[in-house]
Amino acid sequence: MGRIGNKFGKLRVKKEKALVVYLTAGDPSPALTIELILTLAEAGADIVEIGVPFSDPTADGPVIQAASQRALKAGTTLSGVIEMVRKVRRESQIPIVLFSYFNPIFAYGVKRFAEDAKQVGADGILVVDLPPEEAPELRVHTDAAGLDFISLVAPTTGGRRLREIVKSAAGFVYYISITGVTGTAAPEIENIAGDIGKIRRLTKTPVAAGFGISDAAQAGQIGRLADGVVIGSVLVRLIDEYRHSDGLMRAVSDCIREIKAALR
Amino acid sequence: MKTVPDKRGHFGVFGGRYAAETLMPALLDLEQAYGKAQKDSSFKKDFDLYQSRYAGRPTSLYFAERMTRQLGGAKIYLKREDLNHTGSHKINNTLGQALLARKMGKKKVIAETGAGQHGVATATVAALFGMECKIFMGEEDIRRQAPNVFRMKILGAEVVPVQSGTATLKDAMNEAMRYWVSSVRDTFYIIGTTAGPHPYPLMVRNFQSVIGRETKRQMARQEGRLPDVLVACVGGGSNALGMFHAFRRDMGVALVGVEAAGRGMHTGQHCASINAGKAGVLHGNKTYLLQDAHGQIRDAYSIAAGLDYPGVGPEHAYFAATGRASYVTVTDDEAVEAFGYLSRHEGIIPALESAHAVAQAMKIAPKMKKDQIIVICLSGRGDKDAQTIIESM
């Protein structure tokens, strides 16, 4: 079992839920991304999702779109993101998931990507526009390298499709908690409860819910249903707000502590 | 020659269904509904009826005699898609998709548009079938294609301005996809070109294939033979595939797609995805894309808003890779010249998009023999471009 599985295992024993935190790599700069990840880990984030910026992020709302643009302007590339993982791994054992659109990976080379990502210490990979139908072209390589290929389940996913996705899930099942793009609506608890219940009946793989979860209260509510919650836009917005300020790390740390407290 | 796409929407290594999970169930439903409609004779009957009585098909295949004489080479025919209701070939596809939306019980439709031709054609069918309609359009395109924006509004559609990126077609498509992710349960996305996730490239090509079928029939009647060369502009590529499809197995017919070279291929300001792009994944399909070494999509540019897109339909990528069609480029200046030429010599004002195809035909016709035949797909009319032409003079 890798770092992701171990982490969920340990949290289960402690009766805690995982806080999975997304940030866009290179926003506001590569150096600050590394410091931010170490701050997140220190403050209680259990898993970090490092977003590879893409020029056309069609699954993302305005906050992460803007972050992606800032990161690209700062010169961020997938090679650069892999370097960031290497540097973080020297100082922290926090499980790392790379979150990307497929094109940057395709341009990098699928096999080379899987090998390099594993070699620098990434643990999982999540590709938002690579559904199971198209996943094999990447997954043959990430499976071989020993990276967890994390599958997404949407509120619109149902029936046989849900069973098949869940069956092949590795690391954790990422349940998309709204029918929409990132950071744009508040999740509806009743729907989430029903869907997560369905997933649970099909698998023992941990389930984390994300998209639209914006504060500790929501995280706490959803944490009672899932094994983990993912936050993204709320942190990315904070990074944007404080990116020119000395208070950036402090603000991020406070935000994570507050949300993690709701998951204990 | 293989039949493409395969069951999962692949045209060789291109195409596919690279979509967010939230959209996948809707895409699978759509594929199923379209499959059923293809076998349903009443669907076909409705489609044909609207095509003829509403859109005005068949469009004529016109022998451009003055142009032919002046250029002094091959005979030039124009397939007059500009004569369709709404002024372009786009209505062929929107009628098909709206009928399908109606069959699927969807009352809301959305679309992206560049030149506004697809937006107008979508707004038109939405009015016809009593559907709520939102059109996503880049702000730059709203400015340069203002007449079409007015038309969409008159038809009762809401035009949603898109500011991100270069505020052109790619950005409009991004925003339409984001909106669709949040509204997918009750909204039908009418994609305007032969791109996007499967089954769109297949479905749009089939709805447009009436162009080539008619051309083949008309050519047989008028000339008693097949043409030698078909020329069509390629942005996403729906008018070109519509023209090429019926001729794909007629190996004696050369298929020529014309990409926009914008300010010149050497300037980097163009949208020639096949000539200057690399394979990649955007907007649900694998195809040739303008991108940097790191897989970030580059800004496209063309004077013709409908070609101003950094990708191309996957079937064109396949035709280019297999050599079945060839893809050439025409600059803004050449297109503008052809726009003026056709207007003054034939009394037909072409869309700036279609003018790219006209320009290519003007290049090759003089080098061909007098008994050879070129058909230009005149995909749309150019009233919408008056402002752009005035600015370029």
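The values are calculated or read from the model by the stated rules, or taken from the named source; none is laboratory data. The shown structure was predicted, so the numbers you read here are calculated from the model rather than taken from an experiment. Every residue, glycine among them, receives a Cβ derived from its backbone with ideal geometry; neighbour counts consider all protein chains shown. The accessibility values were calculated without ligands, DNA or RNA, using every heavy atom of the protein model including side chains. Shrake-Rupley method; radii C 1.70, N 1.55, O 1.52, S 1.80 Å.
Name the shape class, rounded, prolate or oblate, that the alpha-carbon gyration tensor gives for the protein assembly as shown, where a ≥ b ≥ c are the square roots of its eigenvalues, rounded holds for a/c under 1.5, and otherwise prolate holds if a/b is larger than b/c and oblate otherwise.
Prolate, because a/c is 1.5 or more and a/b exceeds b/c.
Which value at 222 nm does the protein assembly as shown reach when only helices count, each DSSP H run of 4 or more adding -39,500 (n - 2.57), with the total divided by all residues and rounded to the nearest 500 deg cm²/dmol?
So the helix-based figure for the protein assembly as shown works out to -14000 deg cm²/dmol.
Can you give the FRET efficiency to the nearest 0.05 for residue B:370 and residue B:343, using r as the Cβ-Cβ distance and R₀ = 30 Å?
The value I calculate is 0.75.
Provide a list, ordered by number, of residues in the range B:239-288 showing at least 40 Å² less accessible area with every protein chain present than when their chain is taken on its own, using a 1.4 Å probe.
For the range B:239-288, once contacts with the other chains are taken into account, B:281, B:286 lose 40 Å² or more.
Mind giving me the FRET efficiency for residue A:89 and residue B:32? R0 is 56 Å, r the Cβ-Cβ distance, nearest 0.05 is fine.
Between residue A:89 and residue B:32 the formula returns 0.80.
Using only the alpha carbon atoms of the range A:3-261, find the Kirkwood hydrodynamic radius as the inverse mean reciprocal pair distance, in angstroms to one decimal.
After inverting the pairwise mean of 1/r, the radius is 18.0 Å.
Kindly identify the range B:252-374 as rounded, prolate or oblate by the Cα gyration tensor criterion: order the square roots of the eigenvalues as a ≥ b ≥ c, call it rounded if a/c is under 1.5, otherwise compare a/b with b/c, prolate if a/b is larger, else oblate.
It comes out oblate by the Cα gyration axes.
How much of the accessible area of chain A, in percent, comes from carbon and sulfur atoms when a 1.4 Å probe is used?
Exposed carbon and sulfur together represent 50 percent of the surface.
If we count every other residue with Cβ under 15 angstrom of residue B:116's Cβ, Lys/Arg +1 and Asp/Glu -1, where does the sum land?
Combined, the nearby Lys, Arg, Asp and Glu give -3.
Based on the mean of other beta carbon atoms within 10 Å per residue, what is the order of A:15-26, B:240-251, most packed first?
With the highest mean Cβ count within 10 Å placed first, the list reads A:15-26, B:240-251.
Provide Rg and Dmax in Å for chain B, with only Cα atoms included in the calculation.
Values for chain B (Cα only, Rg and Dmax): 19.1, 57 Å.
Give the residue list of trypsin sites (Lys or Arg not before Pro) in the range B:153-238 that are DSSP loop and have at most 15 other beta-carbon atoms within 10 angstrom.
B:185, B:225
Partner chain Cβ atoms within 10 Å, averaged over the residues of A:178-188 - can you pull that number for me?
Partner-chain Cβ atoms within 10 Å, mean over residues of A:178-188: 3.
Leaving out ligands, DNA and RNA, what percent of the accessible area of the range B:26-155 is carbon and sulfur, probe 1.4 Å?
53 percent
Taking 41 Å as R0, compute the FRET efficiency from the Cβ-Cβ separation of residue B:251 and residue A:144 and round it to 0.05.
Using R0 = 41 Å, I get an efficiency of 0.45.
Counting other Cβ atoms within 10 Å, which trypsin sites (Lys or Arg not before Pro) in the range B:327-393 have at most 13 and lie in a DSSP loop?
Those satisfying the criteria are B:369, B:370.
With each label point set 7 Å from Cα along the Cα-Cβ vector, what nm distance links residue A:79 and residue A:250?
With each label point 7 Å from Cα toward Cβ, the separation is 3.9 nm.
What is the P(r) of the range B:1-121, as percent of Cα-Cα pairs per 10 Å bin from 0?
Spelled out bin by bin, the range B:1-121 gives 11, 27, 34, 19, 7, 1 percent.
Hey, in the GNM for chain B with a 10 angstrom Cα cutoff, which one of B:231, B:120, B:328 fluctuates hardest?
Of the options given, B:328 has the highest mean-square fluctuation.
Interface size between chain B and chain A, please: total buried accessible area, 1.4 Å probe, rounded to the nearest 100 Å².
2800 Å²
Over the range A:3-261, what relative contact order in percent results from Cα pairs under 8 Å that are six or more residues apart?
For the range A:3-261, the relative contact order is 22 percent.
Would you mind computing, in nm to one decimal, how far apart the modelled labels at residue B:182 and residue B:220 are, each placed 7 Å from Cα along Cα→Cβ?
5.1 nm
Give the accessible surface of the range A:3-261 per residue, rounded to a whole number of Å², with probe radius 1.4 Å and ligands, DNA and RNA excluded.
37 Å²
State, to one decimal in nm, how far the label point of residue B:150 lies from the label point of residue B:7, with both points 7 Å from Cα in the Cβ direction.
Label at residue B:150, label at residue B:7, 5.2 nm between them.
Residues of the range B:1-47 losing 50 Å² or more of accessible area relative to the isolated chain, 1.4 Å probe, heavy atoms only?
B:18, B:21, B:22
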